[in-house]
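The values are calculated or read from the model by the stated rules, or taken from the named source; none is laboratory data. As the structure is a computational prediction, the values presented were derived from the model and not from experiment. For neighbour counting, all protein chains shown are included, and Cβ atoms are generated from backbone atoms with ideal geometry for every residue, glycine included. Accessible surface areas use protein heavy atoms only, side chains included; no ligands, DNA or RNA. Shrake-Rupley method; radii C 1.70, N 1.55, O 1.52, S 1.80 Å.
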Amino acid sequence: MDIFSFSILVYGTISLWLTGLLILFFSKKNIFFTKTSSILLVIGAALIGFYIISLWFYLKRPPIRTLGETRLWYSFFISTIGLIIYFRWKYIWILPLTLAFSILFLLLDFLKPEIFDQTLMPALQSPWFIPHVIAYILAYALLGIAMLISVWALIMFNKNKFDNNYLKICDNIVYFAFSFLTLGLLFGALWAKNAWGSYWTWDPKETWAFITWMGYLLYIHYRNYHKNAIKIPLLILSTSFIILLLCWFGINYLASAQNSVHVYSN
Amino acid sequence: MEVQTKNQLSKRKLWVFPWKYNESFIISIGLLIIGFLLELFSNGKGFNSPIWPANIIILLSLIIYIVFTNIFIKHPLIKWMGSVPAAISAIVIFTLLILLMGFIPQNKASSSMLINKLGLNHIVQSYTYVLMSLYLLIILGYATSKRLYPFNFKNFAFLLNHAGLWIVLAAGSLGSGDIIRLKMAVNEKQTVWYAYDETNHPYELPFAIELIDFSIDEYIPNIAFANISDGKIITNKSKQKLPEIIQGKTIIMKDWSIFIDEYYSKSKMVDSSYVLTTDTGATPSAYIIATNKKLNIKKEGWISCGSFKYPQKLIKLDDQILIGMLEPDIKRFSSKIKIYSPNQKVEMITVEVNKPMNIKGWEIYQSGYDKSMGRWSTLSIFEIIKDPWYIVVYIGIIMLIVGSVFLFWHGKYK
């Protein structure tokens, strides 16, 4: 990879996004400023897309062979998805979250070009690896936000200052997150089928991922049926995040998970 | 509003339609208890998955029964089956069962007799699990069928998600009995048409496999420093990646600077030095020059991780530190194989991890090799799997993927 033009991309994209975000936050809903910031943000993402295409021509092959190259794609996808959510739903908070992820991946490639080819055991060398992990990371990040809002809403509820918008925001975040949670789970299943010949083996991590998934499934169904309930859906939401944390870190300490293929190595 | 409905709920007598949470949870918990009792009286033998054609008959009758009763029978019981309280009770109780699985180690005998007897150490093969899955399938089936007929395009995303999940669960569980999973070990230049199942019974395949070549690619080996006293590997910073051995590179470790003067990926030991070779059993080796400017010492010599043929070679830097080479990590292993079919057709294919090959409805997976020989293994181990239901499961998964994208796009509020 041509590091010189890559540095232009990294500096260019980061400064475009930061300027765009700053203008957006101080625009006070002025149409001219919000439009300017949108244009800057889109150009930032388009730069990554343009760089990928030029890299494709330069290498004379699609740039999907090394991990560093796939990280480029994910910088591009995450920022694009974030922008789509923003334009579709007008949620400003999604921008710093997704753009930060995107910048993180660009910086990883930029600061550590030697990990473009990181050692991966054969079972991990799958085109499903990155989509599987990214979908989960995005879902976890969104559900973390949902948990914070739900705890805040519970406190407000006890102070009799509850606003129904808290639950509406939670609903939308959970819907986004749940779609990513489902995609991550399905990509994992397709990967497992390709690597070991079975979609699902109830490996402890899979068991806990399933329980997490069911927790949020319960929230969605409960909210649909009890449109006026407040406390129970908020409690389901915060409890589900505890299960999610158990699934993410906790299983390393569970007796039932000593032989899991998913336990992180130290 | 809500207070009123709560009062109505508490006044309502049990088992009077429309059924709500009380009835739903009594039924779910009842099924759970029946499952545990069945498991207790069958002495924990577990449940065998139905096989073809029993599974397809069960599946089709389930679909026909659910769709038919949903369209033609206007009983409140049918309405309850597709209701949210029924769904929530099924989700909660099924999740509780899986939660037990999350805490109790599976597939090994527990010290508690109760856990063994109730089948809690093999939940997926237990009657409890089968009953609860069936209940979940029926409830999910009615919920889906309720929106399927009369059809409304507004329910498209709902249908993709619910029907997709139904197909994945139904085909995945009912189809599991038809999966044949075999192991085959082939030596280079050998042709084999038998594979073995889990109980080591031979199984004749509709094709034969000849192993032309088994090969392993390795990463560049890492250099490591170890404490002489406890043999533990030491690093510069905590959890830092160990440095790779690259010719001409200098590695700094505490007061030592180590220059890699020569690196051979394949070499053999002659007297006490190494020369390049392509012989079987060749090992990576490196000539290093280590200098300690503080103490003004210089040490040089060969290090090697060794192979099944040659021993490991380390250098003692001082009274505390050893320097050596770690065995390289495996990057990729693959088998070039010839497939012989009864119709005289010969195919040459390569299988590797994550890249299985489909031959006559059988999927050939690269599974392992002779670890004691490392990259010189001439034995390749394959897993050969027939899963006739995989297309059905894939259809369900694709429906769920599309449904998730819809969920993402529409969100909850417009």
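So which residues in segment B:51-68 are touching an Asp or Glu at 6+ places or on another chain (Cβ under 9 Å) and either part of a loop (DSSP other than H, G, I, E, B) or open to solvent by 80 Å² or more (accessible area, probe 1.4 Å) (or both), if there are any at all? Residues satisfying the conditions are B:Ile51, B:Trp52.
Inside segment A:107-129, residues that are under 18 Å from B:Pro243 (Cα atoms), at the interface with chain B (Cβ under 9 Å from one of its Cβ atoms) and modelled with pLDDT of 75 or more make up a count of 1. Every listed requirement among (1) more than 8 Å from every other protein chain (Cβ to nearest Cβ); (2) surrounded by fewer than 19 Cβ atoms within 10 Å (Cβ to Cβ) is met by A:Gly188 save one, (2). Just to verify a result, which residue in segment B:18-44, among those that are at pLDDT below 90, touching a helix residue (DSSP H, G or I) at 6+ places or on another chain (Cβ under 9 Å) and open to solvent by 70 Å² or more (accessible area, probe 1.4 Å), is nearest to B:Ala109 (Cα to Cα)? Per the criteria, the residue is B:Asn43. Note on segment B:193-218: among residues that are within 30 Å of B:Pro243 (Cβ to Cβ) and surrounded by fewer than 16 Cβ atoms within 10 Å (Cβ to Cβ), the one that is farthest from the other protein chains (Cβ to nearest Cβ) is B:Ser215. Filtering segment A:142-198 to residues that are not in a helix (DSSP H, G or I) and not polar (S, T, N, Q) leaves A:Lys159, A:Lys161, A:Phe162, A:Asp163, A:Gly197.
Taking helices (runs of 4 or more DSSP H) that do not extend beyond segment B:69-181, which have at least 2 residues that are buried (at least 20 other Cβ atoms within 10 Å of the Cβ)? Step through it out loud before you land on a result.
Details: elements: B:76-81, B:84-103, B:113-117, B:127-148, B:156-174.
So the answer is B:84-103, B:127-148, B:156-174.
The residues in segment A:148-185 that are open to solvent by less than 40 Å² (accessible area, probe 1.4 Å) and closer than 19 Å to A:Leu97 by Cα can be counted, and the count is 15. Only strands (runs of 3 or more DSSP E) whose full extent lies in segment B:321-414 are considered here, and the ones with at least 2 residues that are open to solvent by 70 Å² or more (accessible area, probe 1.4 Å) and more than 14 Å from chain A (Cβ to nearest Cβ) are B:330-340, B:346-352.
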